[in-house]
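Engineer: First, the structure itself, so that you have it in front of you.
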Amino acid sequence: MRRSEAKLFTRREAGGQGGETVALVRRAGLVRQFGSGLYGFTLTGERVRGGIIDRIDEAMREIGAQKIRLPQLNYRGLWEESGRWDSFGEEMFTLKNRDGQEMCLAPSHEEGVVHLFSGLVRSYEDLPILCYQIGRKHRDDHARRGLLRTKEFTMQDAYSLHATRESLTEHYARVREAYCGLFERLGVAFAVVGADNSVMGGPASEEFVAPVETGTTPLTCCPADDCRFGAIPDSPEDAEPGEDCPDCGATLVGGEGIEIAHIFELGDRYADPMGLAVDMADGSRQEVLMGSYGIGVERLLHTIVAQHGDGDGCRWPGNGADSVAPYTVSIVPLEYDDELAAVADVLHEECNTAETLLFDDPDRTIGERFAESDLLGIPYKLIIGNNFRETGELELETRDGETQYITRGEVSELFE
Ligand SMILES: [Zn+2]
């Protein structure tokens, strides 16, 4: 992509509220606020949000989950069946249609998934089912901290349906492991904490909470690399900073965290009141057991910036297919004219042009180009500078400032 066509809207300063991370996301030109608790994503921002969604899709496909699509608008009746029309309270957006019927913007889709499969799933042989969707959710939350608490957000919500407790436990573990793998791939540090499940109901739930300087919940967690132990105020088990980690013995540390995902063993919490049951092999009827699993996409984006961003801008960990950077590499000529422009154009063609940002505007200094590339967190800069004029070799610099020299022939191998 040529910079002249990419339409970046980076800024030196970003006003507004929401803290350092939000300021960085705004300076990089990824989002626009539409009033309290509402954000839109720009051309650049949507590349990052879309990249996170793609990685989630891949992780879910790998464990055999299949996609569904449930309506965001629901009639009151569906929520009366589960008893949550009243219990969700003021967080649920409600409205009336033109015929005066009460509706809501579904803040969650357990009711929807039960309805989708009611009457379709009849026997234990129709189960298990592991399905998911990635879409917009609406909750009338108190807007806080930029992308962390908003009234509309992107969520991956997955659901599993089972005839037996063993099958539910096995799928719960499978999704838990997939979430761990996904967050590791994205370079996110996190703890898995036991959690309260009052709104969703059911026997068990865990949250994935990422330690950050400024988050949404107090978090006590284990600093050891491979240990995922943590506790939040809602956790059934108590843990205080300074105590020994019950899993590995390291000293626990205190701080704040962001809830990036939540998984629930719901059991028959929804199937029982809504009448979703299957015939078992022995002729008996059995309520379908369910699990539900969710990831907050914008929260994940915010977390990556909060954990990895620095004074120069965003950083997106990982290389190539792992990184969710808006572009993989920027091509930065010392100046964009004559010979260097011709070389830059050829290199741009040789790389994957969709993933490459070519600084092709003639009026900017090389310093401005470097700063903008770093602000966006692009992992590599391919510099066509003095060294190229003297030796014919290009300078390849990482976002962390490590430099190596490569020949023109090596470029397409690295970035095709
Ligand atoms: Zn530990």
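The values are calculated or read from the model by the stated rules, or taken from the named source; none is laboratory data. Remember, predicted model here, so these are calculated numbers, not experimental data. Because the Cβ atoms are built from the backbone with ideal geometry, glycine has one as well, and the counts that use them run over all protein chains shown. Only protein heavy atoms, including side chains, enter the accessible area calculation; ligands, DNA and RNA are left aside. Shrake-Rupley method; radii C 1.70, N 1.55, O 1.52, S 1.80 Å.
Engineer: Identify all residues within the range 117-157 that are among the basic types (Lys, Arg) and either more than 16 Å from TYR293 (Cα to Cα) or in a loop (DSSP other than H, G, I, E, B) (or both); write none if there are none.
Structural biologist: If the condition is that a residue be among the basic types (Lys, Arg) and either more than 16 Å from TYR293 (Cα to Cα) or in a loop (DSSP other than H, G, I, E, B) (or both), then ARG122, ARG139, ARG144, ARG145, ARG149, LYS151 are the ones that fit.
Engineer: For the range 219-243, give me each residue that is under 19 Å from ASP141 (Cβ atoms) and either within 16 Å of the ligand (Cβ to nearest atom) or at pLDDT 95 or above (or both).
Structural biologist: If the condition is that a residue be under 19 Å from ASP141 (Cβ atoms) and either within 16 Å of the ligand (Cβ to nearest atom) or at pLDDT 95 or above (or both), then ILE232 is the only one that fits.
Engineer: OK, next. What do you reckon, is ALA178 over 19 Å from VAL113 (Cβ atoms) and open to solvent by 10 Å² or more (accessible area, probe 1.4 Å)?
Structural biologist: No; evaluated as a whole, the condition is false for this residue.
Engineer: Restricting to the range 372-394, what's the tally of residues that are among the acidic types (Asp, Glu), open to solvent by less than 50 Å² (accessible area, probe 1.4 Å) and within 21 Å of ASP345 (Cβ to Cβ)?
Structural biologist: Count: 1.
Engineer: Tell me which of these LEU186 doesn't satisfy, since it passes every other one: (1) out of contact with any strand residue (DSSP E or B) (no Cβ under 8 Å at 6 or more places or on another chain); (2) open to solvent by less than 20 Å² (accessible area, probe 1.4 Å); (3) within 16 Å of the ligand (Cβ to nearest atom).
Structural biologist: Against the list (1) out of contact with any strand residue (DSSP E or B) (no Cβ under 8 Å at 6 or more places or on another chain); (2) open to solvent by less than 20 Å² (accessible area, probe 1.4 Å); (3) within 16 Å of the ligand (Cβ to nearest atom), LEU186 comes up short only on (3).
Engineer: Condition check: crowded, with 17+ Cβ neighbours inside 10 Å, small (Gly, Ala, Ser), under 29 Å from VAL324 (Cα atoms) and out of contact with any Pro (no Cβ under 8 Å at 6 or more places or on another chain). Does ALA59 satisfy that?
Structural biologist: yes
Engineer: If you don't mind, another one. Hey, any hits in the range 88-109 for a residue that's under 22 Å from the mean Cα position of the chain (by Cα), among the hydrophobic types (A, V, I, L, M, F, W, C) and either more than 22 Å from ASP268 (Cα to Cα) or not in a strand (DSSP E or B) (or both)?
Structural biologist: Checked the range 88-109: at least one residue is under 22 Å from the mean Cα position of the chain (by Cα), among the hydrophobic types (A, V, I, L, M, F, W, C) and either more than 22 Å from ASP268 (Cα to Cα) or not in a strand (DSSP E or B) (or both).
Engineer: I'm trying to understand the selection: among the residues of the range 277-291, which are surrounded by 21 or more Cβ atoms within 10 Å (Cβ to Cβ) and either in a loop (DSSP other than H, G, I, E, B) or on the phi > 0 side of the Ramachandran plot (or both)?
Structural biologist: Passing the criteria: only VAL288.
Engineer: Considering every residue within the range 344-358, establish whether at least one is out of contact with any helix residue (DSSP H, G or I) (no Cβ under 8 Å at 6 or more places or on another chain), surrounded by fewer than 16 Cβ atoms within 10 Å (Cβ to Cβ) and among the polar types (S, T, N, Q).
Structural biologist: The answer is yes; a qualifying residue exists.
Engineer: Can I ask one more? Which of the residues belonging to the range 320-343 are within 28 Å of GLU13 (Cα to Cα) and either open to solvent by 60 Å² or more (accessible area, probe 1.4 Å) or of a type outside the set (Gly, Ala, Ser) (or both)?
Structural biologist: VAL324, PRO326, TYR327, THR328, VAL329, ILE331, VAL332, PRO333, LEU334, GLU335, TYR336
Engineer: Just name the residue that is farthest from the ligand (Cβ to nearest atom) out of those in the range 260-276 that are under 28 Å from LEU186 (Cβ atoms) and open to solvent by less than 20 Å² (accessible area, probe 1.4 Å).
Structural biologist: LEU266
Engineer: Taking GLY249, is it in the same structural domain as HIS171 (by TED's automatic domain parsing), surrounded by fewer than 22 Cβ atoms within 10 Å (Cβ to Cβ), away from the ligand (no atom under 16 Å from the Cβ) and assigned to a loop (DSSP other than H, G, I, E, B)?
Structural biologist: No, not satisfied.
Engineer: Just to be sure before I move on: is ARG364 at pLDDT 90 or above and basic (Lys, Arg) in the structure I sent?
Structural biologist: No; evaluated as a whole, the condition is false for this residue.
Engineer: Can you tell me which residue in the range 200-218 is farthest from the ligand (Cβ to nearest atom), limited to those that are open to solvent by less than 80 Å² (accessible area, probe 1.4 Å), within 25 Å of TYR172 (Cα to Cα) and in a loop (DSSP other than H, G, I, E, B)?
Structural biologist: Taking the candidates together, the pick is GLY201.
Engineer: Give just the number: which of (1) farther than 23 Å from ILE134 by Cβ; (2) modelled with pLDDT of 95 or more does VAL297 not satisfy?
Structural biologist: With respect to (1) farther than 23 Å from ILE134 by Cβ; (2) modelled with pLDDT of 95 or more, VAL297 is out only on (1).
Engineer: Of the residues GLY294, GLY257, only one is part of a strand (DSSP E or B) and either within 16 Å of the ligand (Cβ to nearest atom) or open to solvent by 60 Å² or more (accessible area, probe 1.4 Å) (or both); which?
Structural biologist: GLY257
Engineer: Is it true that GLU125 is closer than 18 Å to SER205 by Cβ and surrounded by fewer than 20 Cβ atoms within 10 Å (Cβ to Cβ)?
Structural biologist: Taking the combined requirement at face value, the residue does not satisfy it.
Engineer: Restricting attention to the range 241-287, report how many residues are in contact (Cβ under 8 Å) with a residue 60 or more places away in the chain and within 21 Å of THR217 (Cβ to Cβ).
Structural biologist: Of the residues in the range 241-287, 7 are in contact (Cβ under 8 Å) with a residue 60 or more places away in the chain and within 21 Å of THR217 (Cβ to Cβ).
Engineer: Are there any pairs, at least 6 apart or on different chains, whose C-beta atoms fall under 8 Å, with the first in the range 334-354 and among the aliphatic types (A, V, I, L, M) and the second assigned to a helix (DSSP H, G or I) and open to solvent by 50 Å² or more (accessible area, probe 1.4 Å), and if so, which?
Structural biologist: That search, which allows pairs on different chains as well, returns LEU334/ASN386; VAL343/ARG408; LEU347/ARG408.
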